[in-house]
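Beneath this line is the structure, given in structure tokens, with notes to follow.
The values are calculated or read from the model by the stated rules, or taken from the named source; none is laboratory data. Since the structure is predicted, the reported quantities are computational estimates derived from the model, not experimental observations. Virtual Cβ from ideal backbone geometry, glycine too; neighbours counted across all protein chains shown. Each accessible area value is taken on the protein alone, full model and side chains, heavy atoms only, with ligands, DNA and RNA left out. Shrake-Rupley method; radii C 1.70, N 1.55, O 1.52, S 1.80 Å.
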Amino acid sequence: MECSNKERQNRLIGCCKSRMDLSYRCFVVCILCISIFLSGPTKTDASATWMWLGAASLGAASVGRDTIPDGSLGHQTATQAPPINSILVDPETLCQRFPGLTVEQRRVCSSTPEIINMISEGAKVGIIECQRQFSTERWNCSVIGDVNNPFGEVMNTGNKETAFIYAITSAGVVYAVTRSCSLGNLTECGCATPRGQPSDDVVDDDEEWKWGGCTDDVDYGIKLARKFVDSGDKYSSSSSLSSPSPPPSALSRPLTIKPGVQEMNLHNNEAGRQLIKSGMKTLCRCHGVSASCSLKTCWKAMPSFKEIGDLAKSRYSEGVEVVVRTKKQIRLRRKDRRVRREVIASDELVYMQRSPNYCRTNREIGIVGTTGRECNRTSTGSDSCDLLCCGRGYNTQVIRRVERCDCKFIWCCKVKCRVCETVTDIYTCK
Amino acid sequence: MKLEWFVAFFFIPTASLLAKKTTAASSTKWWSMVLSPSMTNSVTDTQGIINIIDPKLKILNKRQRRLVSQNRGTLAAINRAVKMAVSECRYQFKERRWNCPTFNKDRGPESLFGKILNSGCRETSFIYSITSAAVTHSVARSCSEGTIESCTCDYKFRGDSGNDWEWGGCSDNADFGHRFGKKFVDSGEKGRDLRHAMNLHNNEAGRKTVSSEMRRECKCHGMSGSCTIETCWMRLPTFRTVGELIKERFDGASRVTMRNDGSPSDRETESSFVPYNPSHKQPASRDLVYFENSPDFCERNDKFGTPGTRGRECNATSLGVDGCDLMCCSRGSTTTEIKVKERCSCTFHWCCKVKCEECTSFRTVHRCL
């Protein structure tokens, strides 16, 4: 009667069914960390490319990260911005609360202030999925910077991890915006009317069907995300907007961007959006007399964000190393000479630099290191103590967990539980 | 350091006093035995063991000499044990930055594994554990092979047999191996400081790993393939298994410190130390312990006497410690193609020849800068 590893690792509110009897349940005390960790005044010496990610700190829920049991980082101050009710706040005031927005982003924000919460939600969804996908790897998508720069220097290095963050957060924005369109939370958009035929596997030739329900308006989401997210890169050179509360270091510093970095980021942003578009599914529902299915109503829906994360992860592992060609204009080209002529597909993730090993803490290049990370002694994968701890070995801690178990419902209306104590060893990297 | 060792060399009884300062000096001298090509099996020798091993005897302390002369044949077993330990250590660490280097300088206790023994890091604990395990293993096996006069097969497994099998044959004498190993290996550890507590614990961990991994092995009797009755005996694990188990403990080794709550340290119950970090688990009897962090072994380190990873071969595609990135400590690596000549497409010709062709292949080798 134990939670699966994944549940325990994520510390999500977990409740696993007993294999013996479904009526018994153990309620595992789990922690949902709702905090962004601030690591003090870190320097934010970069372009405003990902400044909008700071939006993730605003809104109802926040980005979570596991506490480190024996980390050199210690427990850091958890801060959380209060949720914003966009309807009650004046658009100008609202938009000013976001540091580091570009001119174009600020324009989008003030014209449709509701959208900013969706974008904030999208960034969050993206970051949480990123942490889920990388929970077992040396780089675990950890939020180490401040609100202006949640990922620290990783955002400036142009490696595979940078590519993944760009893609997943950009996909997150499309997802969040599109979903709130379908839910009717935004006035500018609603459900879409699809064209064409649904695929053969959902509707047979002889079946009667029609488009109906609410098709996710992914095109609107993509358009808006493109306008908002990409403007960070497109307009970053002219982003020195004098706002009442500018993040001091980010905007005052002259921007030094390596050629090709903008192109790479834009490509990965687009790749993230294409992940959602290519993952659209047709769903149908039957009508008519019970189970007769004389008429089908079909609509197109986005995949779940978990599926998008899985897809992004596989694109990450097949990432394409590129080099910059600066003849007439800056263009990216595959580094591998054998396939140099092949066009880079729009859903491939591109990177320019090899990744570091992420083993040891290095504040300068924004690496947290794997010290204190929980590892799996028996696995052979990336979460194994051997690989995760980079040969440094691991420490063993005994965790005594007291929880209610064998809960039974007694008519009427009581739930009686026993108190169970489990002792488990957890292994953390030295 | 050299002088102190020199003094210890001649005044063996006082070595234990010096041991506190000279660290590994007296307790590990017997490891130098690995340098002698082969020891005469003293059972067959009539002149007595003392004469045969006289030139090498200096590497043993008084108690060890007494033990060896009381149990004739053990010297050959110990000699084999040290060799086994060295090769197993090399094998287990071939993909690590510290790859168990050994030195052939024929002098001093530091001759074999080098200065790393003077520190108290994880690697030190592995060396102690594996050598101690090797002695237990080798002596226990020698008992059942009949090469030690004072012990035989272990016949304590009698009586309680299963339905279709019974005890018989010759069980490896792990009890004797454990007892002898404890007396012989631990004899030099007389201090009361953390280093000695650590060495004693790791020695015992090695011995326990051997004796707790004994397995029942059986043989069928009866008509061909019928297996109407089986005879079973207890057999030692292979030394590869022991090495792997100790290596696992090495990865999870606990950093410890002296117990400072004033309670008297008790060597028998091994409670003289506590985990360095109080939230960590108290090391169990088979866990390895250490008290000093290891260096990263990237560069030459004179304090630990390690050569660094320059020139080491690495694996370009691996993410682990054998990968070029980690092995070379981000210094980068060179890639060369080497010609490998191998015998290939061998065929057997009646009777009795094997004819082979010679094939040349190219192998890409990455070496750390």
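From the list B:T309, B:T360, B:T347, B:T334, which residue is closer than 23 Å to A:N362 by Cα and touching a Lys or Arg at 6+ places or on another chain (Cβ under 6 Å)?
B:T309
So, in the range A:374-398, of the ones that are assigned to a strand (DSSP E or B) and open to solvent by 50 Å² or more (accessible area, probe 1.4 Å), which residue ends up farthest from the other protein chains (Cβ to nearest Cβ)?
The initial filter retains those residues of the range A:374-398 that are assigned to a strand (DSSP E or B), namely A:374-376, A:384, A:394-398.
Now drop any that are not open to solvent by 50 Å² or more (accessible area, probe 1.4 Å), which leaves A:374, A:398.
Details: A:E374: 13, A:V398: 5 Å.
Here the residue is A:E374.
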Note to self: Just the residues that are among the acidic types (D, E) and either more than 14 Å from chain A (Cβ to nearest Cβ) or in contact with an Asp or Glu (Cβ under 7 Å, 6 or more places away or on another chain) (or both), please, taken from the range B:223-250.
What the structure shows: B:E230
Notebook entry, point to check: Looking only at the range A:178-210, which residues are among the aliphatic types (A, V, I, L, M) and under 15 Å from A:M280 (Cβ atoms)?
Noted result: A:A192, A:V202
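For the range B:128-152, what are the residues that are touching a residue at least 40 places away in the same chain (Cβ under 8 Å) and hydrophobic (A, V, I, L, M, F, W, C)?
Selection gives B:I130, B:A133, B:A134, B:V135, B:V139, B:A140, B:I148, B:C151.
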Notebook entry, point to check: Looking at the range B:66-97, which of its residues are assigned to a loop (DSSP other than H, G, I, E, B), over 28 Å from B:I148 (Cα atoms) and open to solvent by 10 Å² or more (accessible area, probe 1.4 Å)?
Noted result: B:K94, B:E95, B:R96, B:R97
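Can you pull out every residue in the range A:353-369 that is in contact with a strand residue (DSSP E or B) (Cβ under 6 Å, 6 or more places away or on another chain) and open to solvent by less than 60 Å² (accessible area, probe 1.4 Å)?
A:S355, A:Y358, listed by residue number.
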Check: Which of the residues belonging to the range B:192-239 are open to solvent by 50 Å² or more (accessible area, probe 1.4 Å), under 23 Å from B:D175 (Cβ atoms) and of a type in the set (S, T, N, Q)?
Finding: B:S212, B:T238
Item checked: Residue selected from the range B:299-348 under the condition among the polar types (S, T, N, Q), open to solvent by 30 Å² or more (accessible area, probe 1.4 Å) and within 14 Å of another protein chain (Cβ to nearest Cβ), by the criterion nearest to B:C121 (Cα to Cα) -> B:S330
Next item on the list: For the range A:354-373, enumerate the residues that are away from every other protein chain (no Cβ under 13 Å) and at pLDDT 90 or above.
Entry: A:R373
Margin query: Which of the numbered conditions does A:K328 fail, given that it passes all the others? Conditions: (1) within 12 Å of another protein chain (Cβ to nearest Cβ); (2) part of a loop (DSSP other than H, G, I, E, B); (3) open to solvent by 60 Å² or more (accessible area, probe 1.4 Å).
Written below: (1)
Note to self: Testing A:V289 on (1) aliphatic (A, V, I, L, M); (2) touching a residue at least 12 places away in the same chain (Cβ under 8 Å); (3) surrounded by fewer than 18 Cβ atoms within 10 Å (Cβ to Cβ), one condition comes back false. Which one is that?
What the structure shows: (2)
Notebook entry, point to check: What number of residues within the range B:277-298 are in contact with a Phe, Trp or Tyr (Cβ under 6 Å, 6 or more places away or on another chain) and within 10 Å of chain A (Cβ to nearest Cβ)?
Noted result: 2
Notebook entry, point to check: Can you tell me which of A:V323, A:V343 is of a type in the set (A, V, I, L, M, F, W, C), open to solvent by 40 Å² or more (accessible area, probe 1.4 Å), more than 14 Å from every other protein chain (Cβ to nearest Cβ) and outside any loop (DSSP other than H, G, I, E, B)?
Noted result: A:V323
Notebook entry, point to check: Is it the case that some residue within the range A:180-191 is part of a helix (DSSP H, G or I) and free of Cβ contacts under 8 Å to residues at least 40 places away in the same chain?
Noted result: yes
Margin query: Quick check on the range B:142-172: of everything there that is under 16 Å from B:R72 (Cα atoms) and buried (at least 22 other Cβ atoms within 10 Å of the Cβ), which residue is nearest to the chain's Cα centre (by Cα)?
Written below: B:S142
Check: Does B:A316 satisfy being outside the structural domain of B:G177 (by the TED database) and modelled with pLDDT of 85 or more?
Finding: yes
